[in-house]
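Below you'll find the structure, written out as structure tokens, and then a few comments.
The values are calculated or read from the model by the stated rules, or taken from the named source; none is laboratory data. What you see is a predicted model; the values in this text were computed from it and never measured. Cβ sites come from the backbone with ideal geometry, for glycine too, and all protein chains shown count toward neighbours. Calculation scope for accessible area: heavy atoms of the full protein, side chains included, ligands and nucleic acids excluded. Shrake-Rupley method; radii C 1.70, N 1.55, O 1.52, S 1.80 Å.
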Amino acid sequence: MREYLLTILVAALVTYLLTPAVRSFAVWFGAQAAPRDRDVHVIPTPRLGGLAMFGGLAAALVLAHGLPVMGKVLENADIGTGKALLLSGGLIVLVGIADDRWGVDALTKFAGQVAAAGIFVMQGIQLYQLPLPTGEALSLPPAYGVPLTVLVVVATINAVNFIDGLDGLAAGVVGIAAMALFSYAYLLSFTNGLTTLTGSTLTAAVLVGVCAGFLPHNFNPARIFMGDTGSMLIGLLLSAATIMLTGTFDPAVIGAYAQMPLWVPILLVPAVAAVPFIDMLLAVWRRTNQGRSPFAPDKQHLHHRLLELGHSHRRAVLIMYFWVALIASSLVGLSTTNSVPLVASVTIVVALAGVVVMIAAPRMVRRRRPRHAGGPAVEARPRQPV
């Protein structure tokens, strides 16, 4: 655990220290996001935050290879984790820089994402097996494993890119998902007497660090955006951790009492991205019904609706953090305990409490507004149309 904590610390510290320099470079380079009608920021904000994240990734991997135990594990592993992450991450960052500065078409970005997935496959990061409800593992030959790997990588990258709608949202959500994957892998390995030092757990730890290091600069009010440079990079790292964790644990070792641990890597990413994906589907349905293009922008996304309910920008992001953390912790809980009713009961109670707070918080804030001079406290009411 000490080597993981040191890796997380280095990734976070390097990312945090590099971000101001990257911000200055982005301003000089002209990579800034101009405000649009549907945006929540009102001044031009530099992009390219993913460059600092890539620096944190590189520093953490160099450190990991130099650590006494982790270095030996990585050198003797069949998968070139460090090489794969640096090569594919470097490629995706170059594509992101081009998009953040000049804008590239969707086909070009898709080609870059597929190429990054191809680097994973060449370095041994791919889906080799999938768990079955019977408790057995389904082996995947390259004809099936390779395209499924590419699909997972591309889908995860674009899911993270879609999440990136509010200051700090993508970094926080992915950081929570990475922490869940790290906890899952470490606890399950420790419980079953397996080695806790693996490339998959290291990838999740590094992702936790780079998200934690970037978040102080990106939380509302954001001084820099991660841009496609960052959203595609952390999506790539999240897919790598997911793919490597899939099939890591042998059903015979874990035991037949619960197959849920084998499904956690597969279910976690779709689960934490479920809310934004539902938001996307509703947006397509809404725009189509209005006779507009499904890609036409509007201000009716979930985060816009939270703002309209009276939540502040920060509170809207924290609400999203809460639901993602609840889903992720529930999945990890199911993988580490036999008591499904216990996990379900706790999840339902916490979810209900979250709903109550989410609805009541704006009303409580309005009631606590300052009193008018010489008069009683007045609750702010919307102005009626004339």
Quiz item: Residue check: is Asp250 charged (D, E, K, R) and either at pLDDT 85 or above or open to solvent by 70 Å² or more (accessible area, probe 1.4 Å) (or both)?
Solution: yes
Quiz item: Among the candidates Val73, Val93, which residue alone is open to solvent by 30 Å² or more (accessible area, probe 1.4 Å) and either modelled with pLDDT under 85 or of a type outside the set (Gly, Ala, Ser) (or both)?
Solution: Val73
Exercise. Determine whether the range 307-318 contains at least one residue that is within 14 Å of Ala180 (Cβ to Cβ) and either open to solvent by 60 Å² or more (accessible area, probe 1.4 Å) or under 22 Å from the mean Cα position of the chain (by Cα) (or both).
Key: no
Quiz item: Is it true that some residue in the range 230-241 is open to solvent by 10 Å² or more (accessible area, probe 1.4 Å) and either closer than 22 Å to Ala155 by Cβ or modelled with pLDDT of 80 or more (or both)?
Solution: no
Quiz item: Can you name every residue in the range 204-243 that is closer than 29 Å to Thr45 by Cβ, over 12 Å from the mean Cα position of the chain (by Cα) and of a type in the set (Val, Ile, Thr)?
Solution: Val206, Ile224, Thr229
Quiz item: If you go through the range 100-114, how many residues are crowded, with 16+ Cβ neighbours inside 10 Å and under 17 Å from Ser88 (Cα atoms)?
Solution: 3
Quiz prompt | Filtered residues of the range 1-22 (kept if open to solvent by 80 Å² or more (accessible area, probe 1.4 Å) and either at pLDDT 95 or above or outside any helix (DSSP H, G or I) (or both)) | solution = Met1, Leu9, Leu13, Tyr16, Leu17
